[in-house]
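Here the structure comes first, spelled out in structure tokens, and everything after it is commentary.
The values are calculated or read from the model by the stated rules, or taken from the named source; none is laboratory data. Nothing here was measured: the structure is a model prediction, and the numbers come from that model. Cβ sites come from the backbone with ideal geometry, for glycine too, and all protein chains shown count toward neighbours. What goes into the accessible areas is simple: the full protein's heavy atoms, side chains included, and nothing from ligands, DNA or RNA. Shrake-Rupley method; radii C 1.70, N 1.55, O 1.52, S 1.80 Å.
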Amino acid sequence: MKKILLILFAFVLTETAVAQIRELPQEKNLLSVYNFGAEKKFDAAKEAQNAEIIRRKNAPMRKFIGEMPELPVKEPTVFEGEEYKDFINQSIFPLQDQIRFWGKDVNISQNQCNADGMFAIYNLRTNGTKELDYDCVGYVHSACGPECFEDGAFFGYHQPEFTCVGGKIEEIFSEGEDVDTLEKQVCLDEKNKVLWQRERDDNYVFDYMNRLMYFQNRNMFISYFNNKVDKEFIYDKDEYKYYDVNKKEDFFHVKYERDSKGRIIKEFHFNHDKFPYYIFAAEYDGDKCVQITKYDGYSGNIEIYKFKQPIQQEEKNTQN
């Protein structure tokens with residue numbers, strides 16, 4: 001009986017050991033597959049990390065600009081021999097327009113917007129003749145200019161205005177000896193609720209919820225809708241901007257740098273993101289512009305336009 005029990009016990013132990021041996025390779029195999037995949041991923045990540053370390057070690061030193069590698073510079077395209085047209089200086093893009101009409105025999109026409117209130121022109125274009133058509137920048141009420149209560153600058157057909165959406169504007173005048181003076185504007189809805197109001201000396205206009213709606217000073221007009229710029233006019237001697245959220249194709253924004261004599265030496269053209277996609281740099285000899293260099297901010301191309309030298313300079317050159 002004891003022998004039988006011993007045999008059975010040994011059999012159980014043997015079968016248990018065999019079962020463990022049968023299961024163990026399978027378990028080890030699964031773990032090996034998992035570990036092998038994880039190891040491959042780890043090795044790949046480590047290789048990439050080592051490659052990045054080597055790349056950074058081999059990269060040129062950038063502590064000083066002199067240690068940076070020289071980049072290839074595009075050769076500029078040079079144009080020579082045309083006359084500089086002084087009348088194009090009336091444009092708000094004078095340097096750009098000097099280049100646009102390079103080599104063209106054109107003159108400024110005296111069109112219908114050339115009135116007392118006009119102080120600049122833009123959008124120069126040919127009309128099939130030697131005369132250029134253009135749009136004007138000026139004051140709405142040229143008689144009194146920006147001192148007028150309701151006045152601002154117009155850009156062609158674009159004009160800043162204090163609108164009373166969904167209501168009507170009432171105007172309050174003070175009586176004078178010669179003429180009544182507008183002192184106040186009130187925007188009312190259909191129930192005569194005051195939506196906003198502005199008095200003569202107000203630069204900022206808020207609505208009934210104290211949200212900013214308008215800003216205006218001598219050189220700027222901005223309107224806001226839902227706390228965002230809706231329209232923006234800038235009409236300063238060193239900056240012009242027109243922006244309308246509903247007419248983005250008409251957008252332009254240009255700034256100038258001037259020298260001590262007031263001449264424009266740099267003209268920057270900005271896109272909606274305030275990136276200067278064109279930069280024009282002018283050089284002068286006396287009172288005459290002799291060269292304009294155009295830099296294309298997108299492509300990196302450079303164009304140089306060399307105008308004919310002033311007569312006095314040619315005479316000096318002949319004498320020498």
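Figure legend. Inter-residue proximity from region 125-137: first residues closer than 11 Å to ILE108 by Cα and open to solvent by 70 Å² or more (accessible area, probe 1.4 Å), second residues part of a strand (DSSP E or B) and among the polar types (S, T, N, Q), beta-carbon distance below 7 Å, spacing 6+ or different chains. Indicated pairs: LYS130/ASN107; GLU131/ASN107. If the condition is being at pLDDT 95 or above, open to solvent by 40 Å² or more (accessible area, probe 1.4 Å) and over 21 Å from LYS255 (Cβ atoms), then region 267-319 contributes only LYS306. Between a residue in region 81-107 that is farther than 18 Å from PHE251 by Cα and any residue that is part of a loop (DSSP other than H, G, I, E, B), which pairs come within a Cβ distance under 6 Å, given they are 6 or more apart or on different chains? Final answer for the pair search is GLU82/TRP102; GLU82/GLY103; GLU83/LYS308; ASP105/LYS130; VAL106/LYS130; ASN107/LYS130.
Of the strands (runs of 3 or more DSSP E) that lie entirely inside region 126-211, those containing 2 or more residues that are of a type in the set (Gly, Ala, Ser) and more than 30 Å from LYS85 (Cβ to Cβ) span 167-174. Does region 246-288 hold any residues that are basic (Lys, Arg), in contact with a strand residue (DSSP E or B) (Cβ under 9 Å, 6 or more places away or on another chain) and more than 18 Å from SER91 (Cβ to Cβ), and which are they? Correct list: LYS247, LYS261, LYS274. Applying the set (1) more than 19 Å from GLU150 (Cβ to Cβ); (2) out of contact with any His (no Cβ under 8 Å at 6 or more places or on another chain); (3) surrounded by 11 or more Cβ atoms within 10 Å (Cβ to Cβ) to THR181 leaves exactly one unmet item: (1). It is to be established whether one or more residues within region 242-258 are free of Cβ contacts under 8 Å to residues at least 24 places away in the same chain, exposed (fewer than 14 other Cβ atoms within 10 Å of the Cβ), under 24 Å from HIS269 (Cβ atoms) and of a type in the set (A, V, I, L, M, F, W, C). Yes: region 242-258 contains one or more residues that are free of Cβ contacts under 8 Å to residues at least 24 places away in the same chain, exposed (fewer than 14 other Cβ atoms within 10 Å of the Cβ), under 24 Å from HIS269 (Cβ atoms) and of a type in the set (A, V, I, L, M, F, W, C).
Scanning region 151-178 for residues that are crowded, with 16+ Cβ neighbours inside 10 Å and among the acidic types (Asp, Glu) returns a single hit, ASP151.
Considered as a group, the residues in region 83-97 that are within 16 Å of LYS308 (Cα to Cα) and open to solvent by 60 Å² or more (accessible area, probe 1.4 Å) include one that is farthest from the chain's Cα centre (by Cα), and that residue is GLU83.
Could you check region 219-299 for strands (runs of 3 or more DSSP E) lying wholly inside it with 2 or more residues that are within 30 Å of TYR208 (Cβ to Cβ)?
The strands (runs of 3 or more DSSP E) meeting that bar are 220-225, 228-236, 239-244.
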